[in-house]
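What follows is one structure encoded as structure tokens, with my remarks underneath.
The values are calculated or read from the model by the stated rules, or taken from the named source; none is laboratory data. Note that the structure is a prediction, hence the values are computed from the model and not measured. Neighbour counts run over all protein chains shown; Cβ positions are idealised from the backbone, glycine included.
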Amino acid sequence: DKTNRKKIPTWKRQGKEKSVVNEIILNRAKTCAVSGHRKLNKDINLGKIKETFLELIKDGFDTFLIGMALGFDTICFQILEKIRYKHKIRIVACIPCKNQDKRFSIAQKMEYYRQLQSADEKILLSTEYTPYCMMKRNMFMVDNSSVLVCYLRENIGALNVMLDENDM
């Protein structure tokens with residue numbers, strides 16, 4: 001129910017074709033953002049996700065911004081890693097805060113740090129956790145991409161609020 005949601009500040013799109021962050025050049029026209037729920041339903045179709053990424057690559061997309069959360073972000077990162085063996089793409093880890101992994105299990109932390117090592121670029125958006133750091137990360141990814149691949153099954157979380165606030 002949208003009437004019970006708290007208003008969270010939004011970060012307006014910059015409207016730039018290219019952005020430079022930490023000396024990383026992001027071309028919006030060729031950049032795709034990826035975000036979704038941490039908890040995945042049994043209906044998640046990994047083949048369809050891979051097919052979607054391959055179609056985007058065919059259309060000229062070469063940079064993929066990943067929010068580094070558990071669930072959808074994790075499986076998309078893994079799929080993109082496999083695709084990267086055959087296609088020249090960049091995977092950019094968009095880290096909302098330094099201690100993002102604080103509540104991860106040991107196995108989740110191991111995969112998180114493995115993915116950070118594998119990422120072509122890393123962008124840290126906040127040095128510490130704040131109530132808005134996940135939203136800030138999501139808005140950064142949307143501001144610096146022209147396509148969003150997302151998995152949204154419930155009207156909860158920062159992704160849902162960000163999509164709602166931006167009439168997506």
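Does Thr63 satisfy being among the hydroxyl-bearing types (Ser, Thr, Tyr) and in contact with a Cys (Cβ under 9 Å, 6 or more places away or on another chain)?
Details: among the hydroxyl-bearing types (Ser, Thr, Tyr): yes; in contact with a Cys (Cβ under 9 Å, 6 or more places away or on another chain): yes.
Yes: the conditions hold for Thr63.
When you scan region 44-142 for strands (runs of 3 or more DSSP E) that lie fully inside it, which ones turn up with 3 or more residues that are modelled with pLDDT under 95?
Numbers: elements: 63-66, 90-95, 121-124.
Those strands (runs of 3 or more DSSP E) span 121-124.
Within region 112-119, identify whether any single residue is charged (D, E, K, R) and either closer than 13 Å to Ala33 by Cα or touching a residue at least 12 places away in the same chain (Cβ under 8 Å) (or both), and answer yes or no.
Our first condition is that a residue be charged (D, E, K, R); within region 112-119, this holds for 114.
Of the ones still in play, those that are also either closer than 13 Å to Ala33 by Cα or touching a residue at least 12 places away in the same chain (Cβ under 8 Å) (or both) are none.
There is no residue in region 112-119 that is charged (D, E, K, R) and either closer than 13 Å to Ala33 by Cα or touching a residue at least 12 places away in the same chain (Cβ under 8 Å) (or both).
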